[in-house]
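**Q** Mind having a look at this structure? Questions to follow.
The values are calculated or read from the model by the stated rules, or taken from the named source; none is laboratory data. What you see is a predicted model, and the numbers here were worked out from it, not measured in a lab. Positions of Cβ are generated from backbone atoms using ideal geometry, with glycine treated the same way; all protein chains shown enter the neighbour counts. Protein only, heavy atoms only, side chains kept; ligands, DNA and RNA dropped before computing areas. Shrake-Rupley method; radii C 1.70, N 1.55, O 1.52, S 1.80 Å.
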Amino acid sequence: MQRFSPRAPQPATTMNTPQYPSAYASKKKRTEQIVFFLFRLLSGAVALSLLGILGFIIVKGFSVLSWDFLTLPPTDGMTSGGILPAIVGTLCLMAGSACFAFPIGIMSGIYMNEYARKGKLVRFIRMMTNNLAGIPSIVFGLFGMALFVNYLSFGDSILAGSLTLGLLALPIVIRTTEEALKDIPDAYREGSLALGATKAQTIWHVILPMAMPRVITGLILSLGRVSGETAPILFTCAAYFLPKLPESLFDQCMALPYHLYVVSTSGTDLEAQQPIAYGTALVLIIIVLLINLLANSLRKYFSNKIKTK
Amino acid sequence: MSKLDVKNVNFYYGDFHALKNIDMQVEEKNVVAFIGPSGCGKSTFLRLLNRMNDLIPGARLTGEIRIDGENIYDRSVRIDNLRKNVGMVFQRPNPFPKSIFENVAYGLRVNGIKDKDFIESRVEETLRGAALWDEVKDKLKKSAFALSGGQQQRLCIARAMAVSPSILLMDEPASALDPISTGKVEELICDLSNKTTIIIVTHNMQQAARVSSKTAFFYMGELIEFNDTKRLFTNPEKQTTQNYITGRFG
């Protein structure tokens, strides 16, 4: 008598194989093809529309790009000349808001993920940061005007504009820093603490370097956002026409997005200003693109520095 | 004076009573194994000895744990100094994403040692001690992640030994390794036992029998039996121990 055991081979006849309906297999395959076709179509559409925008701006704006366009202030009631003050202004605002938002944002992110006890307070702060990220930028502008321009009497200035833009960038920086840190497994924290490292040493020497590539992505995203915003600087910094380059933090300045708005909607001769508008848009896009490239190489640099291969 | 002296320790995760009235004395330069079924509290107890459980919110301890006579839960104790003295090796190898050299040097650096020559000689010495030197001496600058799992675990042991701890805690150090790597780690444990006191948590009773001189059996948060390894496996005092080591449960 054969004793039953799970390993004993069973005769094939007793195997209970279900009879799969043959039409079902081809139906499955057809559904899959349709779904994937849709996915492909949609991703293609996204890529195409992006290329469309870029192409449009490049075609329209490329002809005005010249050395003079980049190095001269606007002339003749903004119908000719260059956009140097706007370029310089935008770079100043980006640098200023970065100086404000990066350290504070990164430190807040570290605090929220590494130090704060997981509880109501952290949940509240996180909720507020998320809400902050959703506030329309014009509201930031209004708040910046009330606080920085009037109450702290910085006046319409690069300082007030940078701080307002910094506020806008802050939630992005905090959230990405926090998420980046959260993804580092606790095994690394424990490994470091178990060697007698303090919490600060652990964060500085092990956790932060590991999170750095992703933190930088967040920083760049926020810079991209800052460089393109018009509303927050509308009442806090931006000058309609100011050919002179800014000399101090308390000067007003021109900025690319605002200049773009101005030359396309108001001025002495909209017809003549139009190429300038496209040129301005192109320069703005190029700046953002350059920053992204810089970010990529920074990310690579930090990824190589933490040796995972 | 015992190296480790545990008196009447109770430990809670929130409402859960994880360890009940633990008493234990461990003498210096011994290898002690903790065995018991999953969830019996052996790892929890191990992690009390270098205060790793401090990181868990809602954890609470009563009783005393003394190392070299000093209560490690005393307010005056600096946790980083304690952890330097009581090293730990984890279940999964967790080298840092740094070079092999920097992994071993890390413990020295965070404890304030800057002398380059000293660090270099210490790294070589510990890697030799962990029987890893010959395998890695030509690629010290390479990432620790390029090593095999078993090599990574021995690197972690070297990393822990670099700061010369007087107690080394090992939390199932071989459970993620293949049999050959496990054998190497066990050999290493025997080698290290003349330098430091080793406490090892293991699921593998043969491993406990091979490496340890004393064994503690935990069950449901209680220390059921703590005895010479030979005695515990051949002639246990308690019925529960007998049941566990003969495989009747767990």
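**Q** Mind putting a number on the dipole of chain B about its Cα centre? Charges go on the C-beta only, +1 for Lys and Arg and -1 for Asp and Glu, and I need it in Debye to the nearest 20. Intermediate values should be presented prior to the final figure.
**A** Numbers: 34 positive and 30 negative charges, 79 e Å.
Computed charge dipole of chain B: roughly 380 debye.
**Q** While we're looking at this one, here's another question. Treating the beta-carbon of each Lys and Arg as +1 and of each Asp and Glu as -1, no other charges, what is the dipole magnitude of region B:85-128 about its Cα centre, to the nearest 20 debye? Before the final figure, lay out each step's value.
**A** On the way: 7 positive and 6 negative charges, 41 e Å.
Result for region B:85-128 is approximately 200 debye, rounded to the nearest 20.
**Q** Between A:Leu298 and A:Lys28, what is the spin-label point distance in nm, taking each point 7 Å from the Cα along the Cα→C-beta axis?
**A** Taking the two extended label points, one gets 4.9 nm.
**Q** Now, a different point. Would you mind telling me which residue in A:Gly82, A:Gly44, A:Gly279 has the biggest mean-square fluctuation in a Gaussian network model of chain A, where springs connect alpha carbons within a distance under 10 angstrom?
**A** Among A:Gly82, A:Gly44, A:Gly279, the largest GNM mean-square fluctuation belongs to A:Gly44.
**Q** Now for a different question. Of A:Lys199, A:Lys182, A:Lys28, which has the largest mean-square fluctuation in a 10 Å C-alpha GNM of chain A?
**A** Sorting by GNM fluctuation, first place goes to A:Lys28.
**Q** Show the residues, 5+ positions off or on another chain, whose built amide H is closer than 5 Å to the amide H of A:Met254.
**A** For A:Met254, the qualifying residues are A:Gly89, A:Ala239.
**Q** Measuring with a 1.4 Å probe in the full set of protein chains, what accessible area per residue, in whole Å², belongs to the protein assembly as shown? Show your work: numbers first, answer last.
**A** Numbers: 28860 Å² over 559 residues.
Counting only protein heavy atoms, the per-residue value for the protein assembly as shown is 52 Å².
**Q** Summed for both chains, how many Å² of accessible area, to the nearest 100, are buried between B and A with a 1.4 Å probe?
**A** Numbers: alone 12040 and 18830 Å², together 28860 Å².
In total, chains B and A hide about 2000 Å² from solvent.
**Q** Could I ask something else about it? Beyond 19 Å between alpha-carbons counts as too far, so tell me which of A:Lys118/B:Lys98; B:Lys20/B:Lys84; A:Lys305/B:Lys141; B:Lys29/B:Lys84; B:Lys3/B:Lys230 fall in that bin.
**A** Values: A:Lys118/B:Lys98 30 Å; B:Lys20/B:Lys84 27 Å; A:Lys305/B:Lys141 12 Å; B:Lys29/B:Lys84 17 Å; B:Lys3/B:Lys230 22 Å.
From A:Lys118/B:Lys98; B:Lys20/B:Lys84; A:Lys305/B:Lys141; B:Lys29/B:Lys84; B:Lys3/B:Lys230, over 19 Å: A:Lys118/B:Lys98; B:Lys20/B:Lys84; B:Lys3/B:Lys230.
**Q** Let me ask another. Please report the antiparallel percentage of DSSP beta bridges with both residues in the protein assembly as shown, rounded to the nearest 5. Intermediate results must be reported in sequence, preceding the final value.
**A** On the way: 26 of 45 bridges.
Beta bridges within the protein assembly as shown, antiparallel portion: roughly 60 percent.
**Q** How high is the FRET efficiency from A:Leu270 to A:Met128, r the C-beta distance, R0 41 Å, rounded to 0.05?
**A** 0.45
**Q** Something else now. Run the numbers for B:Asp15 and B:Arg75: contour at 0.36 nm per residue of separation, minus the present Cα-Cα distance, in nm.
**A** Details: separation 60, 0.36 × 60 = 21.60 nm, distance 2.41 nm.
So the chain would gain 19.2 nm between B:Asp15 and B:Arg75.
**Q** Where does the longest stretch of chain B lie that holds no trypsin sites (Lys or Arg not before Pro) found in a DSSP loop with 13 or fewer other Cβ atoms within 10 Å?
**A** Details: sites that count: B:Arg75, B:Arg78, B:Lys114, B:Lys141, B:Arg248.
Counting only loop sites that pass the neighbour cut-off, the longest clear stretch is B:142-247.
**Q** Starting from the Cα of A:Lys120, draw a straight line to each of the lysines and keep only those under 23 Å, dropping any in the same chain fewer than 8 residues away.
**A** A:Lys182, A:Lys199
**Q** Under unit Cβ charges (Lys, Arg +1; Asp, Glu -1), what dipole magnitude, rounded to 20 debye, does region A:133-227 have relative to its Cα centre? Mind showing how you got there, number by number?
**A** Details: 6 positive and 6 negative charges, 7 e Å.
Computed about the Cα centre, the dipole is about 40 debye.
**Q** Report, in order of residue number, the helices in chain A meeting two criteria: a C-alpha extent of 18 Å or more along the helix axis, and a mean Kyte-Doolittle hydropathy of at least 1.6; treat each whole DSSP H run as one helix.
**A** Numbers: long enough: A:22-62 (59 Å, 0.98); A:84-110 (38 Å, 1.78); A:120-134 (21 Å, 0.25); A:158-182 (34 Å, 1.16); A:208-228 (30 Å, 1.07); A:270-305 (52 Å, 0.86).
For chain A, where a helix must reach 18 Å along its axis and average at least 1.6, the hits are A:84-110.
**Q** Hey, in the GNM for chain B with a 10 angstrom Cα cutoff, which one of B:Ile200, B:Ile22, B:Ile167 fluctuates hardest?
**A** Of B:Ile200, B:Ile22, B:Ile167, the Gaussian network model singles out B:Ile22 as fluctuating most.
**Q** May I ask you to derive the FRET efficiency for A:Phe241 and B:Asn204 from their Cβ-Cβ distance with R0 = 56 Å, giving the value to the nearest 0.05?
**A** On the way: r = 79 Å, r/R0 = 1.42.
After rounding, the FRET efficiency stands at 0.10.
**Q** For region B:146-184, list whatever residues lose no less than 40 Å² of accessible surface once every protein chain is in place, relative to that chain by itself, with the probe at 1.4 Å.
**A** Buried on complex formation: no residues.
**Q** If you don't mind, another one. Can you list the residues, at least 5 places off or on another chain, whose amide H is less than 5 Å from the amide H of B:Met88, using H built in the peptide plane?
**A** Sorted by chain and number, the residues that satisfy this are B:Leu169.
**Q** Taking amide H positions as placed in the peptide plane 1.01 Å from N, state which residues far from B:Ile200 in sequence (5 or more) or on other chains have amide H under 5 Å from it.
**A** Those lying under 5 Å, H to H, from B:Ile200 are B:Val32, B:Ala33, B:Phe34, B:Met170.
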